[in-house]
Amino acid sequence: MKIVATFSVLMGGPETTDEITGKLNFRFDKFINQINFPITPHEQWKDEIVIIDPNGRYTEQECVQILKEGGLMLPTYEHGIRFALQYGKLIPSFKEKPFILFPHESWFNVTDCYRYILSLKRGTNQRLLRLAHCYSGGKFSELCLFAGVRPRK
């Protein structure tokens, strides 16, 4: 496991998912909304988001194991949405590894019967908060970094 960067992310607050995504200065998947990824107003705190390069392809289960071994927790979708708002336009683009996955408990889309997690695409000319397809035993691309959460002290 190689830590690429660490970010302090302000969590909580008065906004809902739709209000947060409405503040993004870049595109986002229409399924990332209050119905599918509900955020209700609650008190604020700061979490540390740690971005990890696993150096190759990895499964969902390997991701969980890497985070556990590193003393990190799985992020929630709220971590991904708030990270996108606070850092989505600020972090540099990477041609080699343009995606940051947030391996939260996956969302099941009843329309296509697939599970999804949030992903931030950091392309040279495009930023996009999107959904990444998860499937049992499948491997994420070597183009994908992923996020973990350092437990609060």
(request) Could you look through the range 24-42, keep only residues that are exposed (fewer than 14 other Cβ atoms within 10 Å of the Cβ) and at pLDDT 95 or above, and pick out the one that is farthest from residue 74 (Cα to Cα)? (result) 30
(message) Just to check your reading of the model, which residue among 90, 10 is among the hydrophobic types (A, V, I, L, M, F, W, C), part of a strand (DSSP E or B) and surrounded by fewer than 18 Cβ atoms within 10 Å (Cβ to Cβ)?
(response) 10
(request) Could you list all residues from the range 26-43 that are over 17 Å from the mean Cα position of the chain (by Cα) and part of a loop (DSSP other than H, G, I, E, B)? (result) 35, 40, 41
(message) Conditions first: (1) part of a helix (DSSP H, G or I); (2) modelled with pLDDT of 95 or more. Residue 64 passes all but one, so which condition is the exception?
(response) (2)
(message) Regarding the range 52-62, can at least one residue be identified that is buried (at least 16 other Cβ atoms within 10 Å of the Cβ), of a type in the set (A, V, I, L, M) and closer than 18 Å to residue 143 by Cα?
(response) yes
(message) Looking at 51, 35, 81 in this structure, which one is closer than 21 Å to residue 127 by Cα, out of contact with any helix residue (DSSP H, G or I) (no Cβ under 8 Å at 6 or more places or on another chain) and aliphatic (A, V, I, L, M)?
(response) 51
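The values are calculated or read from the model by the stated rules, or taken from the named source; none is laboratory data. Owing to the predicted nature of the structure, the values given are computational and were not obtained by experimental measurement. Don't worry about glycine lacking a Cβ; one is built from the backbone with ideal geometry, like all the others, and counts go over all protein chains shown.
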